[in-house]
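What follows is a single structure, written as structure tokens, with notes after it.
Each reported figure results from applying straightforward, stated rules to the coordinates on display, with no laboratory input. From a predicted model like this one, the values you see are computed outputs, not experimental measurements. Note: ideal-geometry Cβ built from the backbone for every residue, glycine included; neighbour counts use all protein chains shown.
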Amino acid sequence: MITLTAGEIGLLVGGEIHCDKDLLVSKAPVFDSRKATPGCIFLALKGEYADGHDFAADAYRAGAMFSLTTRRIDGPCIVVEDVIEALSILAAFVRKRLTGLTVIGITGSQGKTSTKDLLSHMLSSVGSTVSPAGSFNNDLGLPITLLECDVDTKYCILEMGARHKGDIARLCGIAQQDIGVVLTVGTAHLGEFGSVEAIAQTKSELIQTLQPDGIAILGSYDKYTPAMASLHSGRVINFGTGCEVRAAEIEIREGRPHFELVTPDGRDAVGMRLVGEHHIANALAAAAVGTALKLPIEVIASALSTAENSSKWRMEIHDLFGLLLINDAYNANPESMTAALRSLVLFAQERGGESWAFLGKMHELGESSDAHHAAIGTLAQEIGIDHLVAIGAPEYGVSQGQMITHHYASIDECLSMTDHFSAGDVVLVKASRSEGFEVLAQKLESMWLDKSGVES
């Protein structure tokens, strides 16, 4: 963060200053008192289970210069009406001051975090880069990420999530992005938006808010995203099949994509370390950004080939003494579920064992939820999954064809299925975030290792 005084911040956010106006702030704000460090601001947020005002003293003792609060506390503070709004104002101000910073905004129904991680790996090789940890993509996460930038930062990568119309436009007002990336429009949060068309309209806010000299990066994987080109008067780069940034000669080896990256500047070989054919689209999005920034294609291809999985519970591969476990428990929607199941089949074919899909519910799908779950059950049968283990999700249906469907009410009840695992089998664990399937993945791993006589 650029250095500002408490007085400057108080004036900027319209707050009541109850601390030394000459205090210097040089670190991005934190909202967890345990993460406070000298030079930061503590954000006293009131949540469902805890009130940040109760932890302001802890943050101060850890080095926080003062707290942003909504009421006077016993300690240095600046009192504002709304802490999140004050944070947004501060971030927008700092963004304007960082004239040498290139901001890249990413949105899409799936793939945001993976694309962000690929981009961060790529851009870090050519300049100081800031990106959020995990999926820090809302009114809190985006401004904090932006405030981590200083005068030496060359690139800032921001994820932009949305649950309502106008959410992305509001984030763009803070970010003032130079490059806007829309990956795809899918069914994630369909229940909240009501229609895919409404989702598309909200995602398009990223493109509508670009300045004429900004660059729009658009995927070609649905009918809505390419059409967003009409919303921008400046440069547009498309990626995907038949586009100027595309993948040729695609092969999947041990679940990992290998292809020839083709851009307007030439072509080069890419052999990804990430698992899943769906990562090709994420890689092409990152390559399109690299092309927009005029990076040499050799730099782009090398970065895509060396990037590791840096976000937890996203197609994590655990080779467990004969059993391969894929922990993709971070989240789920119909599109990501499809991608994960297809990767499961490929792994099982290569290893010669049976495929096991431990699936939980996909949330936020609205009135079409049952139909989407049933469609995934049918897809699993069609592509050759051997066992579908549904936990708390009867909507996946009953056994079809050669596929056996097992239904359980809870995680603990399904653990007995490990008795039927054999060496060479491949297990996928996947559900929406709130289902907590990372716990299931850990338990399956421990039980298999115990069965194999290996200390977990």
For this session: Provide the packing ranking of 360-370, 248-258, i.e. peptides ordered by the mean count of other C-beta atoms within 10 Å per residue, highest first.
Result: 360-370, 248-258
Problem set entry | Rounded to the nearest 20 debye, dipole of region 276-356 from Cβ charges on Lys, Arg, Asp, Glu | 200
Exercise. If one computes the Cα centroid of region 211-233 and of region 1-46, what distance in Å separates the two points?
Worked result: 38
For this session: Tabulate in residue order the Karplus-calculated ³J(HN,Hα) for region 224-237, using 6.51 cos²θ - 1.76 cosθ + 1.60 with θ = phi - 60°, rounded to whole Hz; enter x for Gly and Pro.
Result: 8, 5, x, 5, 5, 4, 5, 8, 10, 8, x, 5, 10, 10
Seminar exercise, completed: Short to long, in 10 Å steps from zero, the percent of alpha-carbon pairs of region 277-338 per bin is 18, 39, 29, 12, 1
For this session: For residue 34 paired with residue 400, estimate the spin-label separation in nm (one decimal), with each label point 7 Å from Cα along the Cα-to-Cβ line.
Result: 4.4
Problem set entry | Using alpha-carbon coordinates, inclination of helix 297-306 to the longest axis of the chain, degrees | 70
Exercise. Which of rounded, prolate, oblate describes region 23-89, given a ≥ b ≥ c as roots of the alpha-carbon gyration tensor eigenvalues and a/c under 1.5 marking rounded, otherwise prolate only if a/b is larger than b/c?
Worked result: rounded
Seminar exercise, completed: Taking every DSSP bridge whose two residues both lie in the chain, the antiparallel percent to the nearest 5 is 35
Seminar exercise, completed: Once residue 196 and residue 125 are pulled to full extension, the length gained, defined as 0.36 nm per residue separation minus their Cα-Cα distance, is 21.9 nm
Problem set entry | Inter-label distance for residue 84 and residue 452, nm, one decimal - labels placed 7 Å from Cα along Cα-to-Cβ | 4.4
Seminar exercise, completed: Residue span residue 241 to residue 273: 0.36 nm per residue of separation minus Cα-Cα distance leaves a gain in nm of 9.4 nm
For this session: Taking amide H positions as placed in the peptide plane 1.01 Å from N, state which residues far from residue 357 in sequence (5 or more) or on other chains have amide H under 5 Å from it.
Result: 387, 388, 389, 428
For this session: Can you tell me the relative contact order of region 98-306? Whole percent, Cα pairs under 8 Å, sequence separation 6 or more.
Result: 19
Exercise. Tell me, what ³J(HN,Hα) does each residue in region 13-19 have, in order and in whole Hz, if you take phi through Karplus 6.51 cos²θ - 1.76 cosθ + 1.60 with θ = phi - 60° and put x for Gly and Pro?
Worked result: 8, x, x, 8, 8, 10, 6
For this session: Can you find, among 7, 78, 26, the residue farthest towards the positive end of the dipole of region 4-83? Put +1 on the C-beta of Lys and Arg, -1 on that of Asp and Glu.
Result: 26
Problem set entry | Beta bridges per DSSP with both ends in region 98-306, % antiparallel, nearest 5 | 35
Exercise. Relative contact order for the chain using alpha-carbon pairs under 8 Å, separation at least 6, rounded to a whole percent?
Worked result: 10
For this session: Please list 315-327, 105-117 highest first by mean number of surrounding beta-carbon atoms within 10 Å per residue.
Result: 105-117, 315-327
Exercise. Per residue Cα convex hull volume for the chain, in cubic angstrom?
Worked result: 152
For this session: Could you please rank 61, 433, placing first whichever residue has the fewest other Cβ atoms within 10 Å of its Cβ?
Result: 61, 433
Exercise. With labels modelled as points extended 7 Å from the Cα through the Cβ direction, what inter-label distance (nm, one decimal) is found for residue 370 paired with residue 164?
Worked result: 3.0
For this session: Compute the Cα gyration tensor for region 112-162, then decide on rounded, prolate or oblate, letting a ≥ b ≥ c be the square roots of its eigenvalues: rounded whenever a/c is under 1.5, prolate when a/b is larger than b/c in the other cases, and oblate in all that remain.
Result: oblate
For this session: Using θ = phi - 60° and the Karplus relation 6.51 cos²θ - 1.76 cosθ + 1.60, list the HN-Hα couplings for region 72-81 in order, rounded to whole Hz, with x at every Gly or Pro.
Result: 5, 10, 7, x, x, 7, 10, 8, 10, 6
Exercise. How large is the helix-only mean residue ellipticity at 222 nm for the chain, computed as the sum of -39500 (n - 2.57) over DSSP H runs with n ≥ 4, divided by its residue count, in deg cm²/dmol to the nearest 500?
Worked result: -9500 deg cm²/dmol
Exercise. Of the peptides 375-384, 272-281, 304-313, how do they stack up when ordered by the mean number of other Cβ atoms within 10 Å, highest first?
Worked result: 272-281, 375-384, 304-313
Exercise. For region 47-137, rounded, prolate or oblate, judged on the Cα gyration tensor with a ≥ b ≥ c (square roots of eigenvalues), a/c < 1.5 rounded, else prolate if a/b > b/c?
Worked result: prolate
